[in-house]
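The values are calculated or read from the model by the stated rules, or taken from the named source; none is laboratory data. Just so we're clear, the structure is a prediction, and the values are computed from it rather than from any experiment. Because the Cβ atoms are built from the backbone with ideal geometry, glycine has one as well, and the counts that use them run over all protein chains shown.
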Amino acid sequence: MTPDLKPLIVGNWKMNGDRDQLDQLAILAHRISHEFQQSVDVVVCPPATLLYVAKTISEGSPLMVGAQDCHNEATGAHTGDISAEMIADCLAEFCIVGHSERRNNHRETNSHVAGKVKACWRAGLASIVCIGETKAQYDACEVDMIITKQITDSIPEGATEKDTIIAYEPFWAIGSTKIPSLKSLKEIHALIRDILVRRFGDHGLRIRILYGGSVRPENATELLSIQNVNGALVGGASLQTADFLAICQSCQSLVRNHY
């Protein structure tokens, strides 16, 4: 973790959750209000069907709300798509773009992702830009090349710490119990930081870099202790309020210990 950057924990519910889940969201908002307001930023990204209700429930608490994807156009004949402006109209503050499941399942390219980042900025949303490699690319020692190209091509010029967050998620770690070695994570996050600084100068020093991929209460402290890991993008564990809060608590403990 980087001491001078406030850490960020993001819960990505993916295609999970309905109105029954909102009781747990209310509990989360209450706990965040009383336990994490000063030390950790917390965001929940529910399905689009729950965005506005989630924001209403979290109103008055520091718990923030984000979406899981957006279209790059503001309006138009794009049946089934949701624009960044519509997300902002639901009072959300963040939007995940370029998640590996979108890149893989919907064949989204770096160019597609860059267009969505611009859409987020246009609508006043902070973009959480996901990058990461496949297992074959990891085993072939191509991580540096893949990460460099994704950052270069997926993030437009002018990115700042106010409108951009990076989430490194190795595709092969998502939904598994396997993660890169701590040594690899340290090297990869250092590489990401170096690329950001070279591209965006002082802003690159302050853009938060999250780690995602099998983040659980059991490994959160170890992962969040790594230099240039400024938080986590949490998938499955974010669906269980107790687990998600435990990850937030691990992050808060590290902050208090001056990591």
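In the range 70-171, counting only helices (runs of 4 or more DSSP H) that sit wholly within it, the ones holding 2 or more residues that are touching a Lys or Arg at 6+ places or on another chain (Cβ under 9 Å) and of a type outside the set (D, E, K, R) span 110-123, 143-154.
Yes or no, residue by residue, for (1) over 29 Å from residue 183 (Cβ atoms); (2) touching a residue at least 60 places away in the same chain (Cβ under 8 Å); (3) in contact with a helix residue (DSSP H, G or I) (Cβ under 9 Å, 6 or more places away or on another chain):
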{"residue": "75", "(1), (2), (3)": "yes, no, yes"}
{"residue": "80", "(1), (2), (3)": "yes, no, no"}
{"residue": "92", "(1), (2), (3)": "yes, no, yes"}
{"residue": "95", "(1), (2), (3)": "yes, no, yes"}
{"residue": "112", "(1), (2), (3)": "yes, no, yes"}
{"residue": "135", "(1), (2), (3)": "no, no, yes"}
{"residue": "141", "(1), (2), (3)": "no, no, no"}
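Just one of the listed residues (243, 202) is under 18 Å from the mean Cα position of the chain (by Cα) and of a type in the set (D, E, K, R), namely 243.
Within the range 46-63, the residues that satisfy the criterion of being outside any helix (DSSP H, G or I) and crowded, with 20+ Cβ neighbours inside 10 Å are 46, 63. Scanning the range 207-225 for residues that are outside any loop (DSSP other than H, G, I, E, B), buried (at least 19 other Cβ atoms within 10 Å of the Cβ) and touching a helix residue (DSSP H, G or I) at 6+ places or on another chain (Cβ under 9 Å) returns 209, 211, 212, 220, 223, 224. Can you tell me which residue is nearest to residue 15 (Cα to Cα) among those in the range 230-249 that are crowded, with 22+ Cβ neighbours inside 10 Å and in contact with a Leu (Cβ under 6 Å, 6 or more places away or on another chain)? For the range 230-249, the residue satisfying everything is 233.
In this structure, residue 207 does satisfy being in contact with an Asp or Glu (Cβ under 9 Å, 6 or more places away or on another chain) and either of a type in the set (A, V, I, L, M) or modelled with pLDDT of 95 or more (or both). Within the range 104-132, the only residue that satisfies the criterion of being surrounded by 21 or more Cβ atoms within 10 Å (Cβ to Cβ) and of a type in the set (Lys, Arg) is 116. Here residue 180 meets the list (1) within 30 Å of residue 87 (Cβ to Cβ); (2) crowded, with 19+ Cβ neighbours inside 10 Å; (3) at pLDDT below 95; (4) not β-branched (Val, Ile, Thr) almost entirely, failing just condition (1).
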